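A short worksheet on the structure shown next.
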Amino acid sequence: MISLREANPFAAFLWLMLAAGIAMFCLNPVLLALSLAGSALYLAVRNPLAARRALPLYLALFALSALINPLFAHNGATPLFVLNHNPVTLEALFYGMAMGGMIASSLCWFRSFQEIMTSDKLLYVFGSALPKLTLILSIALRYIPLLRDQAKRVRDAQRALGLFREENLIDRLRGEARVFSVLVTWALENGIITADSMAARGYGTGRRTRYALFRFRGRDAALCMICLALASVAIAAAASGALRCDFYPRFRLNGGGALGAVGYACYALLAFAPGILEWEENLRWRALRSRI
Amino acid sequence: MKLLVIRSARLRRALGIAIPFALIPAAVLWFALGPGRGHFALSSMLVALMALVLFSCGFERRKTGARRLILVAVMTALSVAGRFVFSAIPAFKPITAMVVITAIHIGPEAGFLTGALSALISNFYFGQGPWTPFQMLSWGLLGLFAGLLSRPLKRSRLLLSLYGVFAGAAYSLVMDVWTVVWYNGALDPALYAAALAAALPYTAVYAVSNVIFLNLLGRPFGEKLDRVKIKYGV
Amino acid sequence: MESIAVQNLSFRYPDAPEPTLRDVSFRVEAGDFVVLIGETGSGKSTLMRLLKRELAPLGERSGEISLSGTPIEELRDADACRVGYVAQRPEQQIVTDKVWHELAFALENMGLPQASIRRRVAEMASYFGIADWFERDTHSLSGGQKQLLNLASVMVAQPGLLLLDEPASQLDPIAAGDFLNTVKKLNREMGLTVLLIEHRLEEALPMADRVLVLESGALTLDLPPEAACERLRGHPALIDAMPGAVRLFHAAGARGRCPVTVREGRRFLRERYKNDIRALDASSAPRPEARALEFRSAYFRYGREQADVLRGLDLDVRAGEIFCLLGPNGSGKSTALKLAAGLARPYSGEVRVFGRRVRDYKGQSLYRECVSMLPQDAQTVFLKSTVRDELREAGAELSALPYPLAHLMDRHPYDLSGGEQQLVALAKALATKPKLLLLDEPTKGIDPHAKRKVLEVLRALRDDGVAILIVTHDVEFAARCADRCALIFRGEIASSDAPERFFDENSFYTTAANRICRGWYDGVATVEDAAELCRRNGGET
């Protein structure tokens, strides 16, 4: 197998979205714990530095969320103590913890998503469904660094003509508005060159096809199939109520029986596979390197 | 996100009809009364996604000339680049103003696209997340409405400023609904009020900066866009 | 490959009183390399765009254009890619964010399947040597690479005719040479038909099979280069754009066969003129004394981890002197200019303007009647919707401009030609009445007429005692205007001298006139010097 980073972006996108989505929309403590552990493992293997920086933050969010909910939600059958004439309940605390887990794990999934789904990969994923929008995105993405550089040039030019003052905040705001205004004219007026260049290369003459660097190989198909199979079992288990969990009035986690167990197992695979695949690849490379 | 592979034009057209008249009502009913009751986060996410798919399908169906396409791309890039230009002044971001100006002068569709795509691209730099579809939708809708109201907004500076305040507030209202629903699974009024209160300073700065930008940039940029519209012949 | 036939073509823009093209007829055979010349406003670009149906301007058209026998109205949409088109600005012609996507763009538009796109893109990337930067962001490329990418992404669609509208005008000389050589290679190896508009003809003209000359919308010459150059007598504006050998031929008032390349020019000189007088009397006016700008062992780098851009730069520019700083890309020329304009500070050493350190000028005082800079791209200066407003907001007195711009006052800055834009930007830079004027590539992309105009303005300013520092790649321009030239290399001055001596001692970094005269006459920098020597020596047979 290959890691999600090396896989076809479509497979990687599907996998991450399903892993994050199922946990996000099923309030089940076991699923959330699996999701949190899986996403943290993936981020840690993928980019240890980012993980070291981000994970404490997510943990703090988790704690904050767990503490805030009991202050607002007062239903629940097991009061712990009374604060400002309102009971603070155990159930509300559990609910807050579940929410915190959900938020922390989805942030963690999206942090990894950000790492591996670069803009060209996202354009690839949506390109077949939305060719025109992705073309606009691609053009806009090309323009942004250009505009950033041009803004610097404009600022220098205006400054050296003595037309850009920066003694105080108002002057500064006016000056930047001036730079931005020059930039807007420049971009709009010269945009016609880009449009002409598109027309000259036959844009709009017929049905467009799409070229992509990424290929969809057998292993990508396998990844997609596995991912869909795991996800559908987990979703089926959730939909059937086997993974049901009630927080109020009293915390009760459905045992779920065989279907529940299978559902948990499938989701566990779904959540841990990205990290494990990445890890396996790291190991393989280390082995290869030592042999070279 | 939009995980539909809509290859055939016929399917796109079918979706264009099915989503507003069947799928969105069905989803709302299913989540409001049916077995999905209580899954507010999931339902709001699905509705937002469907709205985006609906709009994209409408756009993909039509033929758009290179120049119109470039105009939208350039305005999108400019509204994102504005963030970098004004980075020296904290909390002043011209995105909303740019979206509104685009919408007024080029039309509601261009407004929606510029708004939605600016949100998406901004998040390439500041982090994608489950909030992305909501940001896309809220900025897109702010553009759409500004485009629909283009006549009065063009005529009166006061109305334009009011729209700036409205945009600042509306954006915060919508995004906080999402925050609370996502966090709490339902729209708890007390929590919503708390979220709004916590966001109040940002909302205020946001509304004020919108008004400033719309007044500062509205007329000159409008003139630039009008000239370019003639030059491009769109 | 495609051939073009144009029959009695006339064209008038809507609302224009006069037609832009009148009764133009010519043929270009398949595989020809044709250069189209004419002054700004002669209708060259209009003619070229009319040949490319997708870009044809709106207006009244009569006459016929056909591509390999088919009138262009009857071409199918899918034939759009049979004609390739590359224009001036490399930056703006790029459509997408990745090099590979840019290469594939035309093929996607043609609706080709993945497999054939893959093959053609691979082939084209290999042919153009793009494979190394195939996956890079288009933004990260240099200007020359960008224009090469534009060419490659047009060529990938296998056009039979290539239309080039000043493709090299925004490039530095080395990149421009590379670009034109690539075009020539395509012409020679593939039999590609090429129609080229260019202001800088030193390299392009010798490549051409034929030259077309447009004057006020009418085609006045259609001949091979040597013959066409001979017939240019009486068209000083056109001669200005010609290679050094052609300019020398006309300046010396010679007759007969016109030399085009430096090699032919050398032969022409030695065959036709004696060299009893080897040099002109050196004008030995002393350098003015008053120092306007001084660099004293200035060091600069953009970031702590980066390499030095300036390494102990020593330089002084005197009041009433034009100083040209030449050097390759990345040698630190533009950075030196930035330091002089107070946009950056040296981390060691100092920069003084009129005896005071730049950093001691507080607030705006450096820019008040003291220093002004004309940036490389004139468009970074324009903010308003008319030239009048532009000048007014900079505080210029419209009644007392250093040179007349009245005819441009009500136009939008972006509707002007490159040369006119440069002149308006220069007027804006002069609004504060600077005593030290800094210019970054003032001749980039402008036509010879505007160049001459800029030259006159700068000379007048110098005579008024203004100190002028010019950073440029344009050796011909430097030779004509400079009182002093310096070569900057790796952040320090490699040589500095008066232009006659400066160019005489360089063997590569020098003007065409100097290369032609080398070994025959001494101390020649400009064509005018060379012609003067020819006249004095006599010997025209």
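Quick look at the values:
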{"item": "For chain A, built as a Gaussian network whose Cα springs stay under 10 Å, the top-fluctuating residue of A:S128, A:S106, A:S35", "result": "A:S128"}
{"item": "Long pairs among A:K152/C:K146; C:K146/C:K433; A:K152/C:K384; A:K152/C:K44, criterion Cα-Cα beyond 27 Å", "result": "C:K146/C:K433; A:K152/C:K44"}
{"item": "Stokes-Einstein D for region A:162-292, Kirkwood Rh over Cα pairs, 25 °C, 0.890 mPa s (µm²/s)", "result": "110 µm²/s"}
{"item": "Those aspartates and glutamates that a straight Cα-Cα span of less than 19 Å connects to A:K121, excepting residues fewer than 8 apart in one chain", "result": "A:E6, A:D220, A:E278, C:D97, C:E102, C:E108, C:E135, C:D137"}
{"item": "Long pairs among B:K224/C:K184; B:K224/C:K333; A:K132/B:K154; B:K63/B:K224, criterion Cα-Cα beyond 32 Å", "result": "B:K224/C:K184; B:K224/C:K333"}
{"item": "Other-chain or far-sequence residues with amide H under 5 Å of C:A218's (modelled H)", "result": "C:R22"}
{"item": "Note, ³J(HN,Hα) from phi for region C:41-46, Karplus 6.51, -1.76, 1.60, rounded to Hz, x at Gly and Pro", "result": "x, 7, x, 4, 5, 4"}
{"item": "Ratio of the Cα radius of gyration of region C:122-268 to 2.2 N^0.38 Å, where N counts its residues", "result": "1.18"}
{"item": "Listed residue (A:F216, A:V154, A:I193) projecting farthest to the positive dipole end of region A:150-220, Cβ model", "result": "A:F216"}
{"item": "Beta bridges per DSSP with both ends in region C:4-223, % antiparallel, nearest 5", "result": "55 percent"}
{"item": "Residue-averaged beta-carbon neighbours from other chains (10 angstrom radius) around B:84-96", "result": "3"}
{"item": "Pairwise centroid distance, computed over Cα atoms, of region C:211-235 with region C:339-416, Å", "result": "39 Å"}
{"item": "Backbone HN-Hα couplings from phi across region C:320-331 [Karplus 6.51/-1.76/1.60, Hz, Gly and Pro as x]", "result": "x, 9, 9, 10, 9, 10, 10, x, x, 4, x, 7"}
{"item": "Descending semi-axes in whole angstrom, ellipsoid equivalent of region C:391-541, from the Cα gyration tensor", "result": "33, 18, 14"}
{"item": "Estimated distance in nm for a label pair at C:R536 and B:I230, the labels positioned 7 Å out from Cα along Cα-to-Cβ", "result": "5.8 nm"}
{"item": "For region B:143-172 and region A:223-265, distance of Cα centres in Å", "result": "47 Å"}
{"item": "Per residue convex hull volume, Cα atoms of region C:159-222, in Å³", "result": "98 Å³"}
{"item": "Nonlocal amide H pairs with C:A292, under 5 Å, H built at 1.01 Å", "result": "C:V317, C:R318, C:A319"}
{"item": "Inter-part distance where region C:441-497 and region A:86-159 are each reduced to a Cα centre, Å", "result": "48 Å"}
{"item": "Rg over Rh, two decimals, chain C (C-alpha only, Kirkwood Rh)", "result": "0.98"}
{"item": "Cα-centred dipole magnitude for region C:4-223, charges only on beta-carbon of K, R (+1) and D, E (-1), debye, nearest 20", "result": "400 debye"}
{"item": "Positive-end residue, region B:64-232 charge dipole about Cα centroid, Cβ charges, pick of B:I101, B:L200, B:L187", "result": "B:I101"}
{"item": "Most fluctuating residue given options B:L159, B:L149, B:L173, as computed from a GNM of chain B linking Cα atoms under 10 Å", "result": "B:L159"}
{"item": "Under 14 Å from B:K229, Cα to Cα: aspartates and glutamates that are on another chain or at least 8 residues apart", "result": "A:E189"}
{"item": "Region C:209-333 - Debye-derived log10 I(q)/I(0), Cα point model, q = 0.15, 0.16 Å⁻¹", "result": "-0.87, -0.89"}
{"item": "Most fluctuating residue given options A:N168, A:N47, A:N254, as computed from a GNM of chain A linking Cα atoms under 10 Å", "result": "A:N168"}
{"item": "For region C:448-487, the spread of Cα positions along each principal axis, largest first, Å", "result": "25, 25, 13"}
{"item": "Rg/Rh for region B:64-232, where both radii come from Cα atoms and Rh is the Kirkwood radius", "result": "0.98"}
{"item": "Complex-versus-alone comparison for region A:183-197, residues with a loss of 40 Å² or more in accessible area, probe 1.4 Å", "result": "A:V184, A:T185, A:W186, A:L188, A:E189, A:N190, A:I192, A:I193, A:T194, A:A195, A:D196"}
{"item": "Given charges at Cβ of Lys, Arg, Asp, Glu: chain C dipole, positive-most of C:G312, C:N506, C:P224", "result": "C:G312"}
{"item": "Alpha carbon Rg of region A:130-200, scaled by the compact-globule rule 2.2 N^0.38 Å", "result": "1.38"}
{"item": "Shielding by partners, peptide C:106-116 (average Cβ within 10 angstrom, other chains)", "result": "5"}
{"item": "Crossing angle, helix C:262-272 versus chain C [Cα axis fit, 0-90 degrees, rounded to tens]", "result": "70 degrees"}
{"item": "Chain A: angle of helix A:169-200 to the longest principal axis, Cα-based, in degrees nearest 10", "result": "80 degrees"}
{"item": "Cα-centre dipole for chain A with unit charges at Cβ (Lys and Arg positive, Asp and Glu negative), debye to 20", "result": "800 debye"}
{"item": "Eligible lysines near C:K435 by straight Cα distance, threshold 18 Å, same-chain separation 8 or greater", "result": "C:K338, C:K362"}
{"item": "Taking the C-alpha atoms of the protein assembly as shown, convex hull volume expressed per residue in Å³", "result": "201 Å³"}
{"item": "Listed residues B:R83, C:R270, B:R155 arranged by accessible area, highest first, probe 1.4 Å", "result": "B:R155, C:R270, B:R83"}
{"item": "Residue-by-residue Karplus 3J(HN,Hα) for region C:526-531, coefficients 6.51, -1.76, 1.60, Hz, glycine and proline x", "result": "10, 4, 4, 4, 4, 5"}
{"item": "Rg ratio (alpha-carbon, reference 2.2 N^0.38 Å) - chain A", "result": "1.35"}
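The values are calculated or read from the model by the stated rules, or taken from the named source; none is laboratory data. Values in this document were obtained by computation on a predicted structure and should not be read as measured data. Note that each Cβ is placed from the backbone with ideal geometry, even for glycine, and that neighbours are counted across all protein chains shown. Side chains included, ligands, DNA and RNA excluded: accessible areas come from the protein's heavy atoms. Shrake-Rupley method; radii C 1.70, N 1.55, O 1.52, S 1.80 Å.
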